[in-house]
């Protein structure tokens, strides 16, 4: 069955695709500002610990379920169900998962469209077309609709080519390009006046804050959401992995790459913020808190780039190009979730499913834009603050409580015959059963009552 669905041809291809799914806009703008607002290196330290103690086990739950079923999330959860009740619940979780993935893509396409337009604005400035640059950076309905559609066309084009020729091929191209661009920007920005202050904020820990419940919950949330967990993206990618692949190893590689890029992004964004402050651009609110992420990306950093002359135009182009790549590598996994379900449940061809779902998401994105003030924040809150934690909780429950442990072991042993005697198997089964659900619910509770 796996061969007819498509399968990743190499470990590198899978790791690049899965890491690309995990590495999104949140890693590059969200994580660094979270770190700056929550004790700098203290947050970084807690995040690194929690990424491997929460995010990695939850990631493994999705990968193992997906690889076992070689099917979409709905069929995968049905397959490991033990009775009518868990069968119905699994179906419901899977369906909600692909609906939420589509809703996330609908607002993600809007933000990614802004990234593309700002990237092109840098080119327009370089060639002296200031009027075009001003239009590209203005918040207008025509611009927003046009670039949202451009981004969705790119996403649809990649997904329509399938697993190897689409997802794997483009992830293997885009992810190395993203990493090289990020490192080059870090090296340049860290040479500018004011950058050292940002590095100090990022690297010098405030250990008193490291133990604060607010910081720990914030770090838990960053670790969980940075790996794109809870909507079935990792489950569907897991379903395209060969039975011969060592799942604990590839899961560890994906987690490591994702964390590495988030940490490297911190070496870019925080120094850039303090370079902006050095150049007279305000980065704090009236209350003394750091500005919000969207203001940082679309106001503060462009103001910084404007103070740097020709070099600023080049840096601006590379930065927003980098952000566009990060958005694209995530969006292809979001679209694949409902596409895989539609193909397998309703027998449609891949191209028909991709075009149909792509059009539906474009219509929903346009609806958000027309009612931006009302819907944009609401859709983000519903999907990321409420739906993702609950869905992630359910995946852990199915992996830890519903699916029989000896069957889980047999699945993991396919690519790692000696796994029963490893540290992974001694810890993971009870950890995903007892610890992960509790900490995910803690994240959810914080999102509800912690503001």
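In the range 333-355, is there at least one residue being surrounded by fewer than 24 Cβ atoms within 10 Å (Cβ to Cβ), at positive phi and either in a helix (DSSP H, G or I) or out of contact with any helix residue (DSSP H, G or I) (no Cβ under 7 Å at 6 or more places or on another chain) (or both)? Step through it out loud before you land on a result.
Our first condition is that a residue be surrounded by fewer than 24 Cβ atoms within 10 Å (Cβ to Cβ); within the range 333-355, this holds for 342-353, 355.
After this cut, where a residue has to be at positive phi as well, the list is 347.
If we keep only those that are either in a helix (DSSP H, G or I) or out of contact with any helix residue (DSSP H, G or I) (no Cβ under 7 Å at 6 or more places or on another chain) (or both) as well, we get 347.
Checked the range 333-355: at least one residue is surrounded by fewer than 24 Cβ atoms within 10 Å (Cβ to Cβ), at positive phi and either in a helix (DSSP H, G or I) or out of contact with any helix residue (DSSP H, G or I) (no Cβ under 7 Å at 6 or more places or on another chain) (or both).
Determine which single condition residue 240 fails, assuming it passes every other condition in (1) outside any loop (DSSP other than H, G, I, E, B); (2) at pLDDT 90 or above.
Among (1) outside any loop (DSSP other than H, G, I, E, B); (2) at pLDDT 90 or above, residue 240 violates only (1).
Among the residues of the range 8-45, count how many are assigned to a helix (DSSP H, G or I), under 11 Å from the mean Cα position of the chain (by Cα) and at pLDDT 80 or above.
Selection size over the range 8-45: 5.
Looking at (1) closer than 29 Å to residue 343 by Cβ; (2) touching a residue at least 24 places away in the same chain (Cβ under 8 Å); (3) more than 19 Å from the chain's Cα centre (by Cα), which is the one condition that is false for residue 175?
It is condition (3) that residue 175 fails.
In this structure, does residue 261 turn out to be under 23 Å from the mean Cα position of the chain (by Cα), touching a residue at least 12 places away in the same chain (Cβ under 8 Å) and assigned to a helix (DSSP H, G or I)? Even if it seems obvious, please write down each step before you answer.
Values: under 23 Å from the mean Cα position of the chain (by Cα): yes; touching a residue at least 12 places away in the same chain (Cβ under 8 Å): yes; assigned to a helix (DSSP H, G or I): yes.
The answer is yes for residue 261.
Only one of (1) out of contact with any helix residue (DSSP H, G or I) (no Cβ under 6 Å at 6 or more places or on another chain); (2) surrounded by 16 or more Cβ atoms within 10 Å (Cβ to Cβ) fails for residue 180. Which number is that?
(2)
Condition check: more than 20 Å from residue 232 (Cβ to Cβ) and either surrounded by fewer than 18 Cβ atoms within 10 Å (Cβ to Cβ) or under 24 Å from the mean Cα position of the chain (by Cα) (or both). Does residue 441 satisfy that? Lay out the reasoning, then the answer.
Values: more than 20 Å from residue 232 (Cβ to Cβ): no; either surrounded by fewer than 18 Cβ atoms within 10 Å (Cβ to Cβ) or under 24 Å from the mean Cα position of the chain (by Cα) (or both): yes.
It is false that residue 441 is more than 20 Å from residue 232 (Cβ to Cβ) and either surrounded by fewer than 18 Cβ atoms within 10 Å (Cβ to Cβ) or under 24 Å from the mean Cα position of the chain (by Cα) (or both).
Yes/no matrix, rows are residues, columns are (1) touching a helix residue (DSSP H, G or I) at 6+ places or on another chain (Cβ under 6 Å); (2) surrounded by fewer than 24 Cβ atoms within 10 Å (Cβ to Cβ); (3) within 17 Å of residue 244 (Cα to Cα); (4) in contact (Cβ under 8 Å) with a residue 24 or more places away in the chain:
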residue	(1), (2), (3), (4)
5	no, yes, yes, yes
12	no, yes, yes, yes
16	yes, no, no, yes
20	yes, no, no, yes
34	yes, yes, no, yes
40	yes, yes, no, yes
50	yes, yes, no, yes
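Hey, residue 92 hits all of (1) under 21 Å from residue 382 (Cα atoms); (2) in contact with a helix residue (DSSP H, G or I) (Cβ under 8 Å, 6 or more places away or on another chain) but one; which does it fall short on?
It fails just one condition, (2).
Can you list residue pairs whose Cβ atoms sit under 6 Å apart, with the first residue in the range 121-134 being surrounded by 12 or more Cβ atoms within 10 Å (Cβ to Cβ) and the second being outside any helix (DSSP H, G or I)? Count only pairs 6 or more apart in sequence or on different chains.
Close Cβ pairs satisfying both conditions: 121/137.
Would you mind finding the one in 71, 58 that is buried (at least 24 other Cβ atoms within 10 Å of the Cβ) and within 19 Å of residue 414 (Cβ to Cβ)?
On the way: 58 fails: within 19 Å of residue 414 (Cβ to Cβ).
After applying the criteria, what remains is 71.
Can residue 399 be described as without any contact (Cβ under 8 Å) to a residue 24 or more places away in the chain, crowded, with 19+ Cβ neighbours inside 10 Å and assigned to a helix (DSSP H, G or I)?
Values: without any contact (Cβ under 8 Å) to a residue 24 or more places away in the chain: no; crowded, with 19+ Cβ neighbours inside 10 Å: yes; assigned to a helix (DSSP H, G or I): yes.
Spelling it out, it is not the case that residue 399 is without any contact (Cβ under 8 Å) to a residue 24 or more places away in the chain, crowded, with 19+ Cβ neighbours inside 10 Å and assigned to a helix (DSSP H, G or I).
Kindly establish whether residue 199 is in contact with a strand residue (DSSP E or B) (Cβ under 8 Å, 6 or more places away or on another chain), touching a residue at least 24 places away in the same chain (Cβ under 8 Å) and farther than 30 Å from residue 344 by Cβ. I'd like the intermediate steps shown before the answer.
Values: in contact with a strand residue (DSSP E or B) (Cβ under 8 Å, 6 or more places away or on another chain): no; touching a residue at least 24 places away in the same chain (Cβ under 8 Å): yes; farther than 30 Å from residue 344 by Cβ: yes.
Against the criterion (in contact with a strand residue (DSSP E or B) (Cβ under 8 Å, 6 or more places away or on another chain), touching a residue at least 24 places away in the same chain (Cβ under 8 Å) and farther than 30 Å from residue 344 by Cβ), residue 199 does not qualify.
Only residues that are in contact (Cβ under 8 Å) with a residue 40 or more places away in the chain and surrounded by fewer than 18 Cβ atoms within 10 Å (Cβ to Cβ): list them for the range 373-387, please. Full working, then the answer.
Of the range 373-387, the ones in contact (Cβ under 8 Å) with a residue 40 or more places away in the chain are 376, 379-380, 382-387.
376, 380, 382, 385, 386 - these are the residues of the range 373-387 that are in contact (Cβ under 8 Å) with a residue 40 or more places away in the chain and surrounded by fewer than 18 Cβ atoms within 10 Å (Cβ to Cβ).
crowded, with 23+ Cβ neighbours inside 10 Å and either under 22 Å from residue 326 (Cβ atoms) or out of contact with any helix residue (DSSP H, G or I) (no Cβ under 7 Å at 6 or more places or on another chain) (or both): is that true of residue 172 in this structure? I'd like the intermediate steps shown before the answer.
Working: crowded, with 23+ Cβ neighbours inside 10 Å: no; either under 22 Å from residue 326 (Cβ atoms) or out of contact with any helix residue (DSSP H, G or I) (no Cβ under 7 Å at 6 or more places or on another chain) (or both): yes.
So residue 172 fails the test.
The values are calculated or read from the model by the stated rules, or taken from the named source; none is laboratory data. Since the model is a prediction, treat every value here as computed from it, not as a measurement. With ideal geometry, Cβ positions are generated from the backbone for all residues, glycine too; neighbour counts draw on all protein chains shown.
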